[in-house]
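Below is one structure, written out as structure tokens, with a few remarks after it.
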Amino acid sequence: MSVSPEVVSKIRELYERGCSVREISEVTGIEMRRLYVIMKYYGIIKGRSGSLSRDVIDKIISDYLKGMTAREVAAKYGIRVGTVRLLLKSLRVKKRRDLSGDEVELLKKLFRDGVPYSVICKMLNLSKSRVYRLAKKHGFVKALPSVRLWLVDKLIELLSERGVVDCELFKKTTGRPLLLQTVQDAMRRNSEILYGKIIGTSTHNLRVFPAQLLGSYIVYLKSKERDALLHLLKLANPNARLNAVKNRVIGPLRDAIPDEHVTVSKFLLKYYEG
């Protein structure tokens, strides 16, 4: 249900060694907003006044596992639905429902008949990813390595054509999300490929990136670093300072962002004039 003890121990050890939350995020690969939840829940750092206590979080988890939806739990405790979903995702709380014998046979028949995933999900009241995992478990479908290779080939092809590729372009072209695994596989095949990942959305008083861009990648060729930087800054708020943008990007593209206390719009103006 929850984060493994090994991961918690690793986070605690890094924090006690003096590592910042951002550095721990980069080492463990856990998004910063999820990492904050984990660290507060396990008492590694103290939450701000008004934040949910561990007892309340435990009650939220208990109600969710008993059958309440995230929206119902949010209404009961007077908090946002997004907060409930973030807690559940961060602490890896998932409802598990084993299929009955009849449901397994139905699932097998549906796959054999080529019924779309969306229809199967509605019929069995399960998420798309859960249906796929159950189908793999029972041997109805098998993972296709060729799909992974095709995605890497497509990413390299797009880069050779455009020089810079973001998540939106990749999904529009392939119909699949751009994952770190795909980026890393492409980097192994071509040393000229680099990337940047948006890991945060806002400062205390200023939104830097739209929330929907959290976790997005910008992949680029070394020779197109300037274009990649311009693309990143166009996604950012024009009023955000460059330092704020820099602190919310990881990967090689982060090094291309200058350490200047100027806004994005002023920097872009200088960039174009220069």
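Which residue fluctuates most in the GNM of the chain (Cα springs below 10 Å): GLY82, GLY163, GLY251?
GLY82
Nearest 500 deg cm²/dmol is fine: what mean residue ellipticity at 222 nm does the chain get from its DSSP H runs of n ≥ 4 alone, each adding -39,500 (n - 2.57), divided by its residue count?
Value at 222 nm, helices only: -16500 deg cm²/dmol.
What percent of all Cα-Cα pairs in segment 14-123 falls into each 5 Å bin, going from 0 up to the bin containing the maximum distance?
It works out to 2, 10, 17, 16, 13, 12, 11, 9, 6, 4, 2, 0, in whole percents.
Taking H as built 1.01 Å from N, whose amide H comes closer than 5 Å to the amide H of SER216, not counting residues under 5 places away?
Amide H neighbours of SER216: ILE198.
Can you give me the relative contact order of segment 150-274 as a percent, contacts being Cα pairs under 8 Å and 6 or more apart?
About 24 percent, as a whole number.
For the residue pair LYS234 and LYS108, what label-to-label distance in nm results when each label sits 7 Å from Cα along the Cα-to-beta-carbon direction?
5.3 nm
Using the count of nearby Cβ atoms within 10 Å as a rough guide to exposure, how do VAL147, VAL165 rank from fewest to most? All intermediate terms of the calculation are to be shown ahead of the outcome.
Values: VAL147 11, VAL165 29.
By the 10 Å Cβ count, ascending: VAL147, VAL165.
Using the number of other C-beta atoms within 10 angstrom as an exposure proxy, rank SER216, SER20 with the fewest first.
Ranking SER216, SER20 by Cβ neighbours within 10 Å, fewest first, gives SER20, SER216.
What order do you get for LYS59, LYS122, LYS40 when you list them from fewest to most C-beta neighbours inside 10 Å?
LYS122, LYS59, LYS40
Among (1) 134; (2) 172; (3) 200, which is the computed volume of the Cα convex hull per residue in Å³?
Read-out from the structure maps to (2).
A short reminder: the numbers here are calculations on the coordinates, not readings from a lab. Model, not experiment: these values are computed from the prediction. No Cβ is skipped: glycine too gets one built from the backbone with ideal geometry, and neighbour counts run over all protein chains shown.
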